[in-house]
Amino acid sequence: MERAERTAAAAAGKPADYVLYCDDSGGEEDVLRSASSVSGPARVLLALERELRRVLRAAGMKELKWTGLRTREPRLQAARAFLEFAAVAAAAGALRIEVLMWRPSAQSPASRARSESQRLRPLYARLWKSAAGAWPPGRWSVFPDQRTGMRWQEQGPALAAAWSRGGGGLRALKEASSGRSACVQLADLLAGLARVQAGAGSRGDSEAWRQRGALRAYFVDACRRRGLELGTSAGLLTARHPRLSIVLVRRLPVRV
């Protein structure tokens, strides 16, 4: 039935429905910060949400947070399951993962003087424009994690044009609580994972960060087994696949 409905919608010229979830990790005091998005057809994200929620229930958890991933095995098992689902979906072309990293200390004095909203909104806009351009035209629902003072509705013409490409549009843009959205939790996990840098120094010597390093290795292997090779540069993960992109941004964008 679902296939027949999709065929009828395509024949009628009805745009497809897409969903995007996103979150960021780290603060201005950290060596690295990152922002991540997961996007794809609405039916895929709905199915992924259900599977991730099953993982959480099996682990007896309500929320999987990167900051809470230390040494407790049930949490680590849940994180590995989240990463496995992400690798499978990305390799199948059903999910797009994008992570942008940056070094706060490497930004200009003008950038560092900006407010958190002024720094992050253009970066999120870059994630959103990349997602809108990576999928066929369609109608988008976008769910960033909750964050104070972001003024998400203020969008520049370039971003508006990206949403409306090919007759598509932006159906919804509203914050989602990570405690209620497993897909936001996945975005948080991927953003945090990208910040794990090989040879990071003293913090990397703690057991919690060794476990996080092991999670990074698990994700690299899960992707490799499915034909998605990840590289490294200066100890950081890199990837440039159509459905998996991990990039270090030298300078933060300034336009939404």
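Only the coordinates and a few stated rules stand behind these numbers; no lab work does. Note that the coordinates shown come from a computational prediction; the quantities given were computed from them, not determined experimentally. Counting neighbours? That spans all protein chains shown, and the Cβs are built from the backbone with ideal geometry, glycine included.
Give the relative contact order (percent, whole number) for the range 78-168; include only Cα pairs under 8 Å separated by 6+ residues.
Working: 38 pairs, mean separation 25.9, N = 91.
Across the range 78-168, relative contact order equals 29 percent.
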Report task. Specify the longest stretch of the chain that does not include any exposed loop site, a site being one of the GluC sites (Glu not before Pro) with a non-H, G, I, E, B DSSP assignment and at most 16 other Cβ atoms within 10 Å. Result -> 64-153
Query raised in the report: What's the percent breakdown of Cα-Cα distances in the range 50-141 across 10 Å bins, shortest bin first?
Result: 13, 29, 32, 24, 3
Query - DSSP bridge orientation in the chain - percent antiparallel, rounded to nearest 5 - result: 55
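Could you work out the local net charge near ALA91, counting Lys and Arg as +1, Asp and Glu as -1, over the other residues with Cβ closer than 12 Å to its Cβ? Walk me through the numbers before you get to the answer.
Working: positive: ARG96, ARG224, ARG225, ARG226, ARG243; negative: GLU84, GLU229.
That sum, taken over residues with Cβ under 12 Å, equals +3.
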Query raised in the report: Where q = 0.09, 0.12, 0.16 Å⁻¹, what log10 of I(q)/I(0) comes from the Debye formula for the chain, counting one point per Cα?
Result: -0.39, -0.70, -1.25
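Taking the Cα centre of the chain as origin, sum charge times position over the Cβ atoms of Lys and Arg (+1) and Asp and Glu (-1), and report the length of that vector in debye to the nearest 20.
On the way: 43 positive and 23 negative charges, 55 e Å.
Once rounded to the nearest 20, the dipole reads 260 debye.
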Query raised in the report: Once Lys and Arg get +1 and Asp and Glu get -1 on their Cβ, which of GLY156, ALA191, ALA214 lies farthest toward the positive end of the dipole of the range 139-256?
Result: GLY156
Query raised in the report: For GLU73, what charge total do you get from the other residues with a beta carbon under 13 Å from its beta carbon, if Lys and Arg give +1 and Asp and Glu give -1?
Result: +3
